[in-house]
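My questions will all concern the structure given below.
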Amino acid sequence: MSLVDVEHSGQVASLWLSRPEARNALSVDMCDAIVAALGSLDRDDRVRVLVIRGRGEIFCSGADFAAVSGAGALEFLPVFERMLEALARHRLPTVAAIHGAALGGGLQLATVCDFRIAEETATLGVPSAKLGILVNFENVQRLVLLAGIAVAKDVLMTGRTFSGAEAAAVGLVNRCVSSADLPAGVDGLAQEIAARAPLSVQGTKRSIQVLIDHLSAARQARPDVVAEIDGLVANAYVSRDLQEGIKAMREKRAPEFGGI
């Protein structure tokens, strides 16, 4: 079975995350499959809008635990970041259709889309602080640019989750709708964008990305500082705290972190 599927409806394409049995958890292979699908869509002149959807009960549960445990994280992280960059920089305007939940890497995937529509009752968050994970510099930066410093700190330092309605109120998503209205809300927005002049839409997206690149040039301006953060991220992924966080989540108990 394919890890991702692409469906077409007129000028709108839907890229489906297709690991419902694993709550659409992101693995190295799945990230690679998303990048490959994005490459094919980039060459398809029929398509004007791309919708990212998840099969099954939720949009995306984040990284597969196997991918973030120990040495596996060192392979997963650059592949995951490459996938996010490919999606963020894709020529097509993108819409994340969030149902059920978008957690961890799932919310980070939605964050790089141009638009996010969520069910009112969806659950959104990044439970890194509850697991012992440190989100990398680029994804902290994206969250700050999207929703502001205060919201980014709330999301990342408490690890709490937001309902779709709360997420819309603080700017994590563009809008929220009822579960029954999500398909029509997403399709309506996609069709609205598809009806606009593609040179204008795609040019605007490119201009905004250039501005984001200018505002977020810290990796080039302060490579020493960002390298330090990269080291902290790598250490967190091989820490005892991460193993304890994953174990505690599986055992449905509070973790006992030691800071090592």
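Just so it is clear, none of the values below were taken in a lab; they were calculated from the coordinates. Bear in mind that the values here come from a model prediction, so they are computed numbers and not experimental data. Note: ideal-geometry Cβ built from the backbone for every residue, glycine included; neighbour counts use all protein chains shown.
Taking the 0 to 90 degree range and rounding to the nearest ten, how far is the long axis of helix 137-147 tilted relative to the main principal axis of the chain, both from C-alpha atoms?
Its long axis makes an angle of about 60 degrees.
Over all directions, how big on average is the projection of the convex hull of the alpha-carbon atoms in the chain, in square nanometres?
13.6 nm²
How do Asp241, Asp213, Asp181 rank when sorted from fewest to most other Cβ atoms within 10 Å of their own Cβ?
Asp213, Asp181, Asp241
If I take R0 = 22 Å and measure r between the Cβ atoms of Ile208 and Arg175 in this structure, what FRET efficiency does the formula 1/(1 + (r/R0)^6) give, to the nearest 0.05?
Result of the calculation: an efficiency of 0.70.
Right, another one. Quick one: compute a quarter of the convex hull surface over the Cα atoms of region 97-140 and quote it in nm².
3.3 nm²
Sticking with this structure for a sec: Just flag the trypsin sites (Lys or Arg not before Pro) in region 178-260 sitting in loop per DSSP whose Cβ has no more than 14 other Cβ atoms within 10 Å.
Arg196, Lys252, Arg253
If each of Arg82 and His8 carries a label point 7 Å out from its Cα toward its Cβ, how far apart are those two points in nm?
Using points 7 Å along Cα→Cβ, the separation is 2.7 nm.
Return the ratio Rg/(2.2 N^0.38 Å) for region 117-231, where Rg is computed over Cα atoms only.
Region 117-231 yields a ratio of 1.27.
Filter the GluC sites (Glu not before Pro) in region 205-260 to those in DSSP coil with at most 13 other Cβ atoms within 10 Å of their Cβ, and list the result.
Glu256
Looking at region 71-119, which trypsin sites (Lys or Arg not before Pro) are in a loop (DSSP not H, G, I, E or B) and have at most 11 other Cβ atoms within 10 Å?
Sparse-neighbourhood loop trypsin sites (Lys or Arg not before Pro): none present.
Along its principal axes, what span do the Cα atoms of region 1-133 show, with the longest given first and each in whole Å?
On the principal axes, region 1-133 reaches 43, 33, 27 Å in Cα extent.
Among DSSP beta bridges whose residues both lie in the chain, state the antiparallel percentage, nearest 5.
30 percent
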